[in-house]
Amino acid sequence: MSSKEVSVVIPTYKRYEDIIKTLESLNNQTLPPDEVIIFDESPTDELRRIIKAQRFCYPVKYIRSPSKFRSLARSRNKAKKLVKGRTVVFLDDDVILSPDYLERIVKFFSDNSHVKGVTGLIINQTKLSKIYQLMNMVFLRPHKTEVPAVQRSFVPTYPEPSMFKSAPAQWLSGCNMAYRREVLESMDFDWRLLKYSYSEDVDFSFRVYKKYGEGSLWLLPDAKLIHNQSPSGRLLGFNLEAHRRVVNLYMLYKHFGDTRLNILVFLWWNIGEILEQVLGGILHGELRDRIKNVKVILKAMKFTFENFGRIKKGDIIQLQL
């Protein structure tokens, strides 16, 4: 295997316009990637035709891998076996990088031999109001902290988009995370996680953090990017909410062992999820829709507890279909 500097891996699924913007931002890098591997799980090869019509300053390897059981985690595992770079950068198909993003990532690795993984700073994060920030802190839901951390609920915290100093982290965001290749050669993403593989980034990076210790993962605020996440409606879907809860409970047992505290933390987090819906309904005049969401959450919780034994053992594949 030849030794190149930077490999970029982009798993994708039917995001044709977005991924072209991502590829264009890679075209504008002060340090161009040595290779870009696109792992496409879309049902057609339309993206292949779109890519062929474009011009890039780096080699693109397009791999189409449609599967009955779509899985972001499995795509990452397959793609990481193909990379040739010493630094491997995973990107979502809907990010736009600052021109010096890759250069700053590579320089930080070069200057800090003990560092195993880094992530850049998403500058278009939603700003939480003080009341939501406080409520999310109390109920172990996502909120802003000085450094990215993994809470006992296995729900991560996020850095302030205005931060200016590099900081150690406990997890890396899957939309933009870079690892030394030797880390990826020694560990896999969790193959049990299907579809968009909820929490696969937190799971993998937290395992890296636990293996290599404090200071092995870092957040670089100078490596900036925009994450154009797909807009979501006010109404929640049962499949998504059940998926989130099945995976969350699975992660609690995977990372924190067989303890009753997992159930208490899981319930506490869900109480916060329900209160967020009620509070949002009151503040925004959407109480009718938010009550529907609460019913979806309760139904998803019921489904999760009905399958508690399977989840505890890690038998979650069929529960995500």
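FYI, it's all coordinate maths here, none of it is from the lab. Remember, it's a predicted structure, so these values are computed and weren't measured experimentally. Don't worry about glycine lacking a Cβ; one is built from the backbone with ideal geometry, like all the others, and counts go over all protein chains shown.
Using C-alpha positions alone, give me the convex hull volume of region 238-320 per residue in cubic angstrom.
78 Å³
Excluding residues on the same chain fewer than 8 positions from K302, give the lysines whose Cα lies under 17 Å from its Cα.
Within the straight-line limit of under 17 Å, K302 reaches these lysines: K292, K312.
Any lysines with Cα under 21 Å of the K224 Cα? List them, leaving off those in the same chain fewer than 8 positions away.
Within reach: K21, K107, K116, K127, K144, K165.
Add +1 for every Lys or Arg and -1 for every Asp or Glu among the other residues with Cβ under 11 Å from the Cβ of V278, and state the total.
Within the 11 Å Cβ shell, the charges total -2.
I need the phi-derived Karplus couplings for region 181-197: 6.51 cos²θ - 1.76 cosθ + 1.60, θ = phi - 60°, integer Hz, Gly and Pro marked x.
Each residue of region 181-197 in turn: 4, 5, 5, 5, 6, 9, 9, 10, 6, 5, 5, 6, 8, 9, 6, 7, 6 Hz.
Which of the aspartates and glutamates could be linked to K4 by a straight reach, that is with a Cα gap under 19 Å, when you skip same-chain ones fewer than 8 residues away?
The qualifying aspartates and glutamates are D34, E35, D100, E103, D111, E182, E185.
Using a cut-off of 12 Å between beta-carbons, work out the net charge of the residues near I297 (Lys and Arg +1, Asp and Glu -1, I297 not included).
Within the 12 Å Cβ shell, the charges total +4.
Where both partners of a DSSP beta bridge lie in the chain, what percent of those bridges are antiparallel, to the nearest 5?
For the chain, the DSSP antiparallel bridge percentage is about 35.
Could you list which residues have their amide H under 5 Å from that of V9, counting only those 5 or more apart in sequence or on another chain, with H placed in the peptide plane?
I37, V89, F90, L91
Within the P(r) computed for region 55-207, what percentage of the Cα pairs occupies the region above 29 Å?
So the pairs more than 29 Å apart make up 21 percent of the total in region 55-207.
Relative contact order of region 238-320, please, whole-number percent, based on alpha carbon pairs below 8 angstrom and at least 6 residues apart.
Result for region 238-320 is 47 percent.
For all pairs of alpha-carbon atoms in the chain, what percent lies in each bin of width 20 Å, listed from the first bin to the last filled one?
Each 20 Å bin holds this share of Cα pairs: 31, 60, 10.
Tell me what the chain gives for mean residue ellipticity at 222 nm when only DSSP H runs of n ≥ 4 count, each as -39,500 (n - 2.57), the sum divided by the residue total, rounded to 500 deg cm²/dmol.
-13500 deg cm²/dmol
Could you order peptides 194-204, 7-17, 120-130 by the average number of other Cβ atoms within 10 Å of their residues, highest first?
Taking the mean over residues of other Cβ atoms within 10 Å, the ranking is 194-204, 7-17, 120-130.
Can you flag which of K14/K81; K84/K211; K52/K210 are past 32 Å Cα-Cα?
K52/K210
Which whole-number percentage describes the relative contact order of the chain, with Cα contacts under 8 Å and a sequence gap of 6 or more?
Relative contact order here is 19 percent.
With the cut-off at 13 Å, report for region 79-148 the share of all Cα pairs above it, as a whole percent.
75 percent
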